[in-house]
1. Just how large is the dipole of the chain about the Cα centre, in debye to the nearest 20, putting +1 at every Lys and Arg Cβ and -1 at every Asp and Glu Cβ?
2. Taking every pair of alpha-carbon atoms in segment 30-186, give the share separated by more than 22 Å as a whole percent.
3. Angle, helix 232-253 long axis vs. longest principal axis of the chain, Cα atoms, 0 to 90°, nearest 10?
4. Less than 26 Å apart at the alpha-carbon level, and either on another chain or at least 8 residues along: which lysines does that give for Lys253?
5. For Cα pairs less than 8 Å apart in space and 6+ apart in sequence, what is the mean separation divided by the residue count of the chain, i.e. the relative contact order in percent?
6. Which of rounded, prolate or oblate describes segment 233-302 when judged by the alpha-carbon gyration tensor and an a/c cut-off of 1.5?
7. Could you tell me which of Phe57, Pro160, Ala76 has its Cα farthest along the dipole of segment 7-229 towards the positive end, charges placed at Cβ (Lys, Arg +1; Asp, Glu -1), taken about the Cα centre?
8. Straight distance only, please: which aspartates and glutamates reach the Cα of Lys260 with their own Cα at less than 19 Å, same-chain residues fewer than 8 apart left out?
Amino acid sequence: MSELLKISVVICTYNRAAYIQDAMQSLYDQTIERGDYEVIVVNNNSTDNTELVCRSFIEAHNDARFHFYNEPEQGASFARNTGAHHALSPLLCFMDDDAVADKDYLERIVKFFEERPDAGGLGGRIIPKYIPAEPHWMSHYVSSLVGHFHYNESICVFRPGKYPLESNMIVRKQDFDAINGFNAALPGVKGTLRIGGEGKDFFLRLQALGRKIYYDPSIRVHHVVEVAKLTDEYLYRVASGIGRGERVRMKEKGSGAYTKKLGEYVFKLGASFMLGIKYILQGHPSKARPVIRFRIDALKGLLNR
């Protein structure tokens, strides 16, 4: 581990040639000294020209520490673990390949951990950048499916069972190693199938070690959301992936845990119908269906359907 480096940023990428350069540029333009950080890009079997874009960018910006690796095992958990393996700093920051970081993003993160030695992990705000504009049917209850995340208005510690999202999360390297990184049984997207919840599983295991996980709303990334891609099929894949991830986690704990989770999902489905009725009565009928659909699809994933 290098004493010179303060933080390593890991970006896992899959077919994001159109956006990965903006993500890398935002990290190149940081206010922190370039010698204080490194960026590790892990290509996860992209079939477009993502690799060419990344390598061209790195070659053109050789005054910064950008590195490129390939991970043949499909799934974000595998790619993130590979990136962490190559990291040489005491802090690991994970960011998505279609996100853009604020200019003081890394400076704020490093300062946060320097001022709070009790911090085991950290999450920040994720602001959707809808292209071309936010759809009329979007609501607070569905926006998490497209990466929107804002936990609190000020710095705080996550309550037990609450956690950051993977596209803006930071952890100490020693703690990452202590829990053996991301659970490969929850790979994220793998082909057309999604088995999600890898971030939830990661932070719950970290919290089980007694680590404090903080939230700081000033540590921000802007996440691209192409509205044309938000089809029923896409939203089903994301929502059912959440359920599939919970199925894997609960089955590992035993039948009792799975039955309890099933009851929780049925209750949430009922609550979604009530929420849908509320939206209709408020004159926003277009927001009703996606909320209910989300819970139906998540339940299907939990039932492995």
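1. On the way: 40 positive and 36 negative charges, 364 e Å.
Here the chain has a charge dipole of around 1740 debye.
2. Details: 5956 of 12246 pairs.
Considering segment 30-186, 49 percent of its Cα-Cα pairs are separated by more than 22 Å.
3. The angle comes out near 90 degrees.
4. Once the sequence-local lysines are set aside, what remains near Lys253 is Lys162, Lys190, Lys200, Lys212, Lys261, Lys268, Lys300.
5. On the way: 603 pairs, mean separation 59.4, N = 305.
Once divided by the residue count of the chain, the mean separation gives 19 percent.
6. Working: a/c = 5.11, a/b = 1.92, b/c = 2.66.
Because a/c hits 1.5 or more and a/b fails to exceed b/c, segment 233-302 counts as oblate.
7. Farthest towards the positive end: Pro160.
8. Cα-Cα hits under 19 Å: Asp201, Glu246, Glu252, Asp297.
The numbers here are math on the coordinates, done by the rules we state, and not lab data. This one's a predicted model, so the numbers in the text were calculated from it and none came from an experiment. Reconstructed Cβ throughout: ideal geometry from the backbone, glycine too, with neighbour counts over all protein chains shown.
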